[in-house]
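The values are calculated or read from the model by the stated rules, or taken from the named source; none is laboratory data. Treat the numbers as computed from the prediction; the structure is a model and nothing was measured. Cβ coordinates were reconstructed from backbone atoms using ideal geometry, including for glycine residues, and neighbour counts include every protein chain displayed.
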Amino acid sequence: MGVLDSKIPSGPLAEKWAKHKNEIDLVNPANKRNIDVIVVGTGLAGGSASATLAELGYNVKTFCYQDSPRRAHSIAAQGGVNAAKNYQGDGDSVYRLFYDTVKGGDYRSREANVYRLAEVSSNIIDQCVAQGVPFAREYGGLLDNRSFGGVLVSRTFYAKGQTGQQLLLGAYAAMNRQIQRGKIKSYTRHEMLDLVLVDGKARGIIARDLVTGEIERHAAHAVVLASGGYGNLFFLSTYCMGANVMAAWRAHKKGAFFANPCFTQIHPTCIPVSGDHQSKLTLMSESLRNDGRIWVPKRLEDAQAIREGKLKPTQLKEEDRDYYLERRYPAFGNLVPRDVASRAAKERCDAGHGVNKTGEAVYLDFEAAIMRYGKEKAYTSGIKDPDKETMRKLGKEIVAAKYGNLFQMYEKIVDENPYETPMMIYPAVHYTMGGLWVDYNLQTTIPGCYAAGEANFSDHGANRLGASALMQGLADGYFVLPYTIGDYLSDDIRTGPISTDTPEFDAAEEAVKDRITKLMSAKGENSVDYYHKKLGKIMWNKCGMSRNEKELKEAITEIAELRKDFWENVKVPGKPDDKNQELEKAGRVADFLELGELFAKDALQRNESCGGHFREEYQTPEGEALRDDKNFKYVAAWEYMGDPKDAKLHKEDLVYENIKVKTRSYK
Amino acid sequence: MKIYLKIWRQKDASSKGKIVDYTLDQVESDMSFLEMLDVLNEDLVAKGEEPVEFDHDCREGICGTCSLMINGQPHGPDRLITVCQLHMRSFNDGDTIVIEPFRAKAFPVIKDLIVDRSAFDRIQQAGGYISVNTSGNPVDANAIPIEKHIADKAMDAATCIGCGACVAACKNASAMLFTSAKVSQFALLPQGKVEAAERVENMVRQMDLEGFGNCTNTGACEVECPKGISLENIARMNREYLSAAVKG
Amino acid sequence: MSGLIKSSIARKAVMALSGLFLVIFLVLHVTINLASVISPEFFNEASHFMGYNPLVQFVMQPILIAGVIVHFVMGFVLELQNKAARGIGYVKYKGGANAPWVSRNMIYSGLVILAFLGLHFYDFWIHEMAYKYVEAKPEDSTRYYAETVEKFVPFWRTIIYVVSFLLLSLHLWHGFASSLQSMGVNNKYTPAIKSFTKLFAVVVPLAFAFIAIYHHLNPITH
């Protein structure tokens, strides 16, 4: 078993969670009042965990860098939340959701965790409805579902295109109730800068008040990190601007293993980069692929003419277009999973067929859908021989009803009308499956330090299915962590309050202050963004949608050099004891500059292609991912040893007892 | 294009602020408004000056963090969007743009264009929830059918992103649209009706304590709301409040 | 209860209810005034009834005056509170981009109406009080028409009246519908109700203005 003990309960898969809940130690209500828990991050996982922990009786302190817990980036999730309710009677079950998730993750996730996720998914919906989350309903008054992300059943619950927002506001409301009761103390505009260990256990954090710049000590019996993913490593992503890896990385440096850092999800349908000024990428819902056809010009000279603005896409004849997904994957066509669609787009653009001025965009064309819907509508309206214009007009109305808000959003950003000319899309970094290694109890390798939601690595393997991120965040926060943490805290009922007046806190605070001084005293020439953009370019070009040994090695060297340059030459204006956005960014980028290297190192050791990780050396003759289950069916958990290049690899073997491991095929 | 900026600069909450002029020569029309400010800040950092601090996060119009008064309108001249969704093509070469923080006594300035909107959090804490436990809720989600149009209305109210544009736009700095959106969402749903009277009284009391102004039904909030929250919600809150008060 | 009186919504309800009460009064007022154009005899009778009926004089009139006072005092209180709620003002504020002028300037239309009421009270109410109680003259049910027409002989007074009615119209244009919203009325009939309130806001002041101008143009020749 080695260093990594996943603590998976024994017994049949379907009974593990119930059995575990029966067996773990509980803390009696009177004692919970004497126990403090710190929760860092107030998204779906952190918000729901803190609400439930407080409700159970623990004293909770929450920390978020935003001005309100309600603004965490879970709010931006559009599509929906999966749950094995089988309300549609289409044969869904806990097992099927479990199976789809493991398969979708390309067999790189832990069976027992995923099964538990599927099992508690139904509770999420019950809970959220009771809380007043206004999910979409059918005319009969019951909850509506839609299908999502290429699975065969309709199990996705949604609230317009704002499901994440509604679920987060639900968790925020539950938090507010506990804040009002005095059970949660909410620290907003606060950033965790370090984790404090006492006798090897997580006993508190050092945080910076982002308004006053004051460095604060906060002690607790346990620390929960729910600080999200690290996709901003790429500079450009669909993440919010403030998303960062600081909390998780600090924990990593204090002994928490970081698992599968190279597993990143790159979403195929985002609005392409328009220029160097770009700060952020905007996602266009995956649902657009249900009706849009993806293509690039067949001939290179046409692609060039389009890039130069000499040719319009609508002028290109049908036979001059390459509908490459339909060509390569006749069975799934435009509906292949995210990782496959993203890679195919990159492949075409790399070959010179890209269609915007940067050469990094493909078309998502609704013309065929407009005409198809228009024809259907004309027939049902009694127009038997409709002309093209009538069909187009009617078709546009149907498409507007389905995707109107998305089309409008696109037009706002790109200034082109997608009803008249095909949309341009390109893949963008969207989610990170990797994260802090946790056991079945969601505890990291540091006792008393837990990780929930996107911050941990647990459930999505090498690729996440659509509408599963919300499910995991809430499952961890509402239904798993508040119980499993009791097992650990039951030993702490006699500990009494944790003091912040100890050598450990002194040392941690000292280190944090030193780091800030160091960041602010490097009087170089370059802004923080300069380094962040450079890092992003390295990551995107060499550790992005497809990777190879040579470039990964280059990336490792380049990132290490960039990091050195950063510490010598970064320019952080202002003062440390003041509101200082540049200083905030500098601290975050400093961590990304370390994680980036570990990321590349992880990608380099994984000599296979699986899910979001595609190694060019490991592909079939047709260019499909080639997984190596014999040698790489493990979780790569990295131990910090002083420098990213020295990180030590620990392997947790993945055992599949309930699922037959197969090759994914979408041909 | 060339853009002249007049930006409110204020060192901290206790300092006096003032408008400072900046000029940007290389603004592209494809830039978002916030990216234009990024460019300005890069310039300032290069010159060794402190960049302009402004609140922003998701940059896709949903988190409600960005909060700028642009040429006298919250979130700028376009409708149904937040500042982060505003693009420079809405402006012309040579334009002068005045950028100020959202103004309200209840939203004190923290620095430059950043204001403290924790008053909104406190209004929500006063009752913006349904008092159910999050652990182990045994009632099946489909046990309470809810008419579709009621659910849709609740959803419309629930889309509020808490940005504060309603307060910024209102000549009275009133927070009625924000508060009423939450009151409405729960008052419409059967789950929320149980404690509706208590909720509206508590939330309105907190709203008043925070020092927001009174609603005079000018409708500015509805027009400027990036999510199109309707005045109907304010009427509903008035109704809920008055009937709760009459019933005692 | 003290909490209720301090609450913003309750104060708005007080504004709305006193406003609606004044709207109803306007209907009564304009109806009787119109009679002065159509039938001087009926106008005299109605005026006499209003002037000497104890119920009108000692119950309704004080209520009306109280209504006016409450409406104005509360209006000022709210205005001051609302000004304070902004704190530091904007350097640039484009109120016209999102709300009509009338809705943003109720205090000014209100102040003009208040000033007008001063004149109006001086012209009619003070005169009546003096006639009935100070000079204690005998009842004369035929004097009202002539006295009224007499008032509109001076051009300046007619102009002041007409301008005030214009401001009254603006005040009603926003205020009538606004009072309903404040009382929580906003439903599928609202567009229709709003059209009605706007029609009202035009027709009633127009009728008042018409009466003033009519009497100015048709003085009683002796």
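Which numbered condition trips up A:Phe135, out of (1) in contact (Cβ under 8 Å) with a residue 40 or more places away in the chain; (2) touching a Phe, Trp or Tyr at 6+ places or on another chain (Cβ under 8 Å); (3) facing chain B (nearest Cβ under 9 Å); (4) outside any helix (DSSP H, G or I)? Failing condition for A:Phe135: (1). Residues that are at pLDDT below 95 and of a type in the set (S, T, N, Q) were ranked within region C:191-222; the one that is nearest to C:Met15 (Cα to Cα) is C:Asn218.
Identification of helices (runs of 4 or more DSSP H) wholly contained in region B:132-248 with 2 or more residues that are touching a Ser or Thr at 6+ places or on another chain (Cβ under 9 Å), facing another protein chain (nearest Cβ under 7 Å) and crowded, with 18+ Cβ neighbours inside 10 Å yields B:148-158, B:196-209, B:232-247. Considering region A:251-303, the residues that are within 18 Å of A:Pro313 (Cα to Cα) and of a type in the set (A, V, I, L, M) include one that is nearest to the other protein chains (Cβ to nearest Cβ), namely A:Ile271. On inspection, A:Ala344 qualifies as more than 27 Å from A:Gly395 (Cα to Cα) and among the aliphatic types (A, V, I, L, M). On the stretch given as region A:211-237, residues that are surrounded by 23 or more Cβ atoms within 10 Å (Cβ to Cβ) and part of a loop (DSSP other than H, G, I, E, B) total 9. Counting only helices (runs of 4 or more DSSP H) wholly contained in region C:1-55, no element carries 2 or more residues that are in contact with a Leu (Cβ under 6 Å, 6 or more places away or on another chain), charged (D, E, K, R) and modelled with pLDDT of 95 or more.
Yes or no, residue by residue, for (1) within 14 Å of chain B (Cβ to nearest Cβ); (2) aliphatic (A, V, I, L, M); (3) in contact (Cβ under 8 Å) with a residue 24 or more places away in the chain:
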position	(1), (2), (3)
A:Val480	yes, yes, yes
A:Ile485	yes, yes, yes
A:Glu509	no, no, yes
A:Ile516	no, yes, yes
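For region B:70-94: of the residues being within 13 Å of chain C (Cβ to nearest Cβ) and over 28 Å from A:Gly161 (Cβ atoms), which is farthest from the chain's Cα centre (by Cα)? Restricting to residues being within 13 Å of chain C (Cβ to nearest Cβ) and over 28 Å from A:Gly161 (Cβ atoms), the top hit is B:Asn71.
Here are some residues: A:Lys384, A:Lys402, A:Lys412, A:Lys375. Which one is more than 14 Å from chain B (Cβ to nearest Cβ), within 34 Å of the chain's Cα centre (by Cα) and at negative phi? Sole residue among the options that is more than 14 Å from chain B (Cβ to nearest Cβ), within 34 Å of the chain's Cα centre (by Cα) and at negative phi: A:Lys402.
When you look at A:Pro386, is it at pLDDT 95 or above, buried (at least 16 other Cβ atoms within 10 Å of the Cβ) and either of a type in the set (Val, Ile, Thr) or out of contact with any Pro (no Cβ under 9 Å at 6 or more places or on another chain) (or both), yes or no?
no
Of the helices (runs of 4 or more DSSP H) lying entirely inside region A:28-107, those carrying at least 1 residues that are more than 13 Å from chain B (Cβ to nearest Cβ) and more than 17 Å from the chain's Cα centre (by Cα) are A:29-32, A:94-104. A:Arg33 falls short of the stated requirement of being over 30 Å from A:Lys660 (Cα atoms), free of Cβ contacts under 8 Å to residues at least 40 places away in the same chain and buried (at least 24 other Cβ atoms within 10 Å of the Cβ).
Per-residue answers, yes or no, for (1) within 11 Å of chain B (Cβ to nearest Cβ); (2) in contact (Cβ under 8 Å) with a residue 60 or more places away in the chain:
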{"site": "A:Arg110", "(1), (2)": "no, yes"}
{"site": "A:Ala118", "(1), (2)": "no, no"}
{"site": "A:Ser122", "(1), (2)": "yes, no"}
{"site": "A:Val151", "(1), (2)": "no, yes"}
{"site": "A:Lys160", "(1), (2)": "yes, no"}
{"site": "A:Gln178", "(1), (2)": "yes, yes"}
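If you check A:Ala341, A:Ala303, A:Ala345 for being part of a helix (DSSP H, G or I), surrounded by 17 or more Cβ atoms within 10 Å (Cβ to Cβ) and in contact with a His (Cβ under 6 Å, 6 or more places away or on another chain), only one passes: A:Ala303. Out of C:Tyr122, C:Tyr144, C:Tyr133, one residue alone is of a type in the set (Phe, Trp, Tyr) and crowded, with 16+ Cβ neighbours inside 10 Å. It is C:Tyr144. Being surrounded by fewer than 24 Cβ atoms within 10 Å (Cβ to Cβ), at pLDDT below 95 and either assigned to a loop (DSSP other than H, G, I, E, B) or within 14 Å of chain C (Cβ to nearest Cβ) (or both): is that true of B:Asp21 here? Spelling it out, it is not the case that B:Asp21 is surrounded by fewer than 24 Cβ atoms within 10 Å (Cβ to Cβ), at pLDDT below 95 and either assigned to a loop (DSSP other than H, G, I, E, B) or within 14 Å of chain C (Cβ to nearest Cβ) (or both). For C:Ser18, the requirement of being touching an Asp or Glu at 6+ places or on another chain (Cβ under 6 Å), buried (at least 19 other Cβ atoms within 10 Å of the Cβ) and closer than 20 Å to C:Ile69 by Cα is not met. Looking only at residues in region B:106-131 that are in a loop (DSSP other than H, G, I, E, B) and of a type in the set (A, V, I, L, M, F, W, C), the one that is farthest from the other protein chains (Cβ to nearest Cβ) is B:Leu113.
Could you check how many residues of region A:162-175 are within 7 Å of another protein chain (Cβ to nearest Cβ) and closer than 24 Å to A:Lys185 by Cα? Step through it out loud before you land on a result.
Quick first cut of region A:162-175, residues within 7 Å of another protein chain (Cβ to nearest Cβ) only: A:162, A:165-166, A:169, A:173-174.
Next cut, closer than 24 Å to A:Lys185 by Cα only: A:165-166, A:169, A:173-174.
Result for region A:162-175: 5.
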